[in-house]
């Protein structure tokens, strides 16, 4: 659907920036529809950076709980200041992964949104490495949901190539996730980053079905897709 829309926008001679804004609008609208459809009252915001996604959720009218996870000390401090004014937004300065451990975290200077457990394939990128605490989601889920009555949980992941590790660490609780949003890659930007086919198969094997895909980045020179967000939900009959 979005591919056909993109061709239509090109025919209308909309600028790349205008097209980008329209794509973002459609992606947020589709997410809002999914949250309503699944009656979500709690979103797990994994890879929160400085809280941009949580702020976006509020802008589209989501009034439920947001539980954000961000391992970077500096980015977490910025997010913590923002969430103070929102009684339904909690933050945890940890990473989620496949095991409880401590790992090196690569903070990309100049654009911390690109920070990752993995190594960025970008020539000349300046990186600061810090140790961070990593937890399995199935080991912390009950504690982070404490006080939330009858949680209906949606899992958002934006961990720059580490999403499948988050899923591995959720093996004991993934059936409690009614939907998910994951960044998947057609052209991996990080070493050892899974491709989009592997990611989609993993989510489908867990019982999720694709609701929508929205572009994140294009290689404009080649005209090919680099990264996208996949929105997945459990079939309504199983909710």
Could you run through segment 163-189 and say how many residues are over 18 Å from residue 96 (Cα atoms) and assigned to a strand (DSSP E or B)?
-> 2
Members of segment 169-205 found to be within 17 Å of residue 217 (Cα to Cα), surrounded by 21 or more Cβ atoms within 10 Å (Cβ to Cβ) and without any contact (Cβ under 8 Å) to a residue 60 or more places away in the chain, listed by number | 182, 183, 184, 185
Of the residues in segment 82-102 that are surrounded by 12 or more Cβ atoms within 10 Å (Cβ to Cβ) and more than 20 Å from the chain's Cα centre (by Cα), the one that is farthest from residue 44 (Cα to Cα) is 101
Single residue of segment 208-239 satisfying the filter (part of a strand (DSSP E or B) and surrounded by fewer than 16 Cβ atoms within 10 Å (Cβ to Cβ)) that is modelled with the lowest pLDDT | 219
Exactly one of 91, 124 is modelled with pLDDT under 95 and over 18 Å from residue 177 (Cα atoms), and that one is 124
Listed by range, strands (runs of 3 or more DSSP E) wholly within segment 48-162 having at least 3 residues that are touching a helix residue (DSSP H, G or I) at 6+ places or on another chain (Cβ under 8 Å) and either without any contact (Cβ under 8 Å) to a residue 60 or more places away in the chain or closer than 24 Å to residue 230 by Cβ (or both) are 65-69, 89-92, 153-157
Exactly one condition in (1) under 19 Å from residue 48 (Cα atoms); (2) surrounded by fewer than 22 Cβ atoms within 10 Å (Cβ to Cβ) is not met by residue 166; state its number.
-> (2)
For residue 64, indicate whether it is under 11 Å from residue 89 (Cβ atoms) and at pLDDT 95 or above.
-> yes
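The values are calculated or read from the model by the stated rules, or taken from the named source; none is laboratory data. Note that this is a predicted model, so its numbers are computed, not measured. A quick note on method: Cβ atoms are made from the backbone with ideal geometry, for glycine too, and the neighbour counts reach across all protein chains shown.
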